[in-house]
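**Q** Before anything else, here's the structure in question.
The values are calculated or read from the model by the stated rules, or taken from the named source; none is laboratory data. Since we're looking at a predicted model, the values are computed, not measured. Here the Cβ positions follow ideal geometry from the backbone for every residue, glycine too, while neighbour counts run over all protein chains shown. For accessibility, only protein heavy atoms count, side chains too; no ligands or nucleic acids. Shrake-Rupley method; radii C 1.70, N 1.55, O 1.52, S 1.80 Å.
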Amino acid sequence: MGAAGLWLTSKLMPSSDDDVVISPPGLVIWRKWISSQSDIYPTCCLSVVRDTAFGSLDEAVSGASAVLFLVSESISWKLQRVHLHNLLMPIPSGACLPLLILCGSCDNGFSSVIINELGLQDIDKFRVSSFLVVFLGENQQMEHLGGFFSDTRLREGLQWLTGESPLQPNLHGVKIRELVHTHLNSFSGVHDIIRNSNLGPNDCISLFNEALDCSAQEIIAAASSNPVGWPCPEIGLLDKSCDEYIVVERFLPTLGWSSNVKSEPIICALQNCKLPTFPYDLSWLARGSKVGPEIENQRIQLENCLIQYLTHTSKIMGISFATKEASITVQTCAKLELCGSSYCVVPHWVMVFRRIFNWRLMSLSSKEISMAYISEFHHVSLPNMDLDACLSSSYYPNSSLDELISVSCNSPLPVNGQSRPEALQPLPHRDSNDVFHENVNLKDAESNLRLDKYPSIDTPFSHALNNATNSGASMNGKPTKEADKLSKLLEPCNLVQDDIDKKLSIYF
């Protein structure tokens, strides 16, 4: 190492300095705390300088944002050219890093020789987008400059590097499941989510699979924007007790976040979440029925279709768990409508598949694939609307489908060969460990079982209740107990729907 090399090392990699955090051999991490009038807390800037003579070249360029190369007049141009091109080769294509060439001479006319001898004109522009030659030697005729090498010229070269270095990606850490739900909402639109109950099973499945694809593409795009692998792995050497490490943990992405090792398992998991098409013919639902047992058979048949889809078609869960889930789904996500002179069981497929979507996305709960980074610039934002509050207060009534069937048909329906008692049994609820419990309040059960976060509220529940009241809730002009019960249910339901209409009026 010549005089210029020793001087440059003393400037960039000193053995001790107040602004140096760590300085093991061949590495130094500088810190700078910058106060701001607009921010209460100062900004921490970290600069990492690494000597390529220590360790492998692949490690040296990982996370790099600029390259500095010192020319020596005592070494042949051929060797220096080979050395430089070997240094640049591990830089990933698309990194577009700036290259600063430093020379201990003071002869500015020497620039063309350096460019030609080092073959700078042949450098891959996708690896090195620009270069600059800076001479460190001082002009001896300038009396106001002292010393052998110029701090000013070195500073100018480093400032040029800073200005030419590619911007670090502006990232946003997200939970994968929330990312999928965000895309799902953006595709179907707020209006569709809230008001549209006419989507069929395969419409919902198509939207879900498209949301998975868009989530994967957003993750891939963010990873592709970081070809050099920022932040550099040397950041991991910081002492965990220092303030700089706290800043790194809070504001920087995890090391290797954009590597194939981290991103490929997430992409594969998203692809594996895709749902197959719903293969069952449901045209029989439109036929309806006039008597309770036939409606009950339709309900059972609908449950069987869901059980088959959850077990054999999509393989989401086993038969025992699917049986309970299908029963709960039908009770909470289907209604009874009067179509002419017959009653029809009408599933709200958006709500049904919201539950299925959430079951499917449970596979993304493991630590390795539950989080990802996406670009803040390209991320889809949602309208400022509390869908959960709207849906939980509007679509989910205090009555199950079985209660509506029983009241509408004016007769208790058979359960396991026995008549259903007048006080209908509450639905089982599921706790956070997927354990089902009986003997709980019906309203609490429905609240605990609601896994879907964004179902639609286009649920003319009051319409269904009115139909049931007008057609089957009275006998010979005398109101029955069921009619009284139905009227009590109808009043709070109308109040809730009126409140929802006021909240949503600005959107329509």
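**Q** Take the residue pairs K335/K367; K125/K367; K11/K262; K274/K324; K32/K240 and return only those whose Cα atoms are more than 27 Å apart.
**A** Details: K335/K367 38 Å; K125/K367 39 Å; K11/K262 37 Å; K274/K324 23 Å; K32/K240 18 Å.
In this structure, K335/K367; K125/K367; K11/K262 exceed 27 Å between Cα atoms.
**Q** For the full complex of protein chains and a 1.4 angstrom probe, list S15, S215, S327, S93 by accessible area with the highest value first.
**A** S15, S93, S327, S215
**Q** Among G2, S15, W30, which residue has its Cα positioned farthest towards the positive end of the charge dipole of region 1-68, with +1 placed on the Cβ of Lys and Arg, -1 on the Cβ of Asp and Glu, and the dipole taken about the Cα centre?
**A** Farthest towards the positive end: G2.
**Q** N116 versus A66, label points 7 Å from Cα toward the beta carbon: distance in nm?
**A** That separation, rounded to one decimal, is 2.9 nm.
**Q** Please work out how much accessible surface C339 shows to a 1.4 Å probe, ignoring ligands, DNA and RNA, in Å² rounded to 10.
**A** 60 Å²
**Q** Can you grab the distance from the C-alpha centre of region 59-93 to the C-alpha centre of region 338-378, Å, no decimals?
**A** About 52 Å separates the Cα centre of region 59-93 from the one of region 338-378.
**Q** Also, I was wondering about something else. Relative to the present Cα-Cα distance, how much length would full extension add between K274 and N209 at 0.36 nm per residue of separation?
**A** Separation in residues times 0.36 nm, less the Cα-Cα distance, equals 22.9 nm.
**Q** From largest accessible area down, sort T43, T313; use a 1.4 Å probe on the protein chains.
**A** On the way: T43 70, T313 40 Å².
So the residues, ranked largest to smallest area, are T43, T313.
**Q** Normalised by the residues of region 1-106, what does the relative contact order come to in percent, with Cα pairs under 8 Å and at least six apart? Spell out each step's value before the answer.
**A** Values: 108 pairs, mean separation 22.3, N = 106.
RCO, region 1-106: 21 percent.
**Q** Could you sort D213, D18 by their accessible area in this structure, using a 1.4 Å probe and putting the largest first? Can you show the working numbers first?
**A** Values: D213 45, D18 135 Å².
The residues order as D18, D213, largest area first.
**Q** Give the average over all directions of the projected area of the C-alpha convex hull of region 292-362, one decimal, in nm².
**A** Over all viewing directions, region 292-362 projects a mean Cα-hull area of 4.9 nm².
**Q** Fully extended, how many nm does the chain gain between L79 and E178 (0.36 nm per residue separation, minus their Cα-Cα distance)? Please list the in-between numbers first.
**A** On the way: separation 99, 0.36 × 99 = 35.64 nm, distance 5.40 nm.
In short, 30.2 nm is gained.
**Q** Gain in length, S224 to L237, computed as 0.36 nm per residue apart minus the alpha-carbon separation, to one decimal in nm?
**A** Separation in residues times 0.36 nm, less the Cα-Cα distance, equals 2.1 nm.
**Q** Of S342, T323, Y309, which is farthest along the charge dipole of region 236-346 in the positive direction, counting Lys and Arg as +1 and Asp and Glu as -1 at C-beta?
**A** Going by the Cα projections, it comes out as S342.
**Q** Here's a follow-up. Taking region 290-331, which trypsin sites (Lys or Arg not before Pro) meet the DSSP loop condition and have no more than 16 other C-beta atoms within 10 Å?
**A** Working: sites: K290, R299, K315, K324; in loops: K290, K315.
Those satisfying the criteria are K290, K315.
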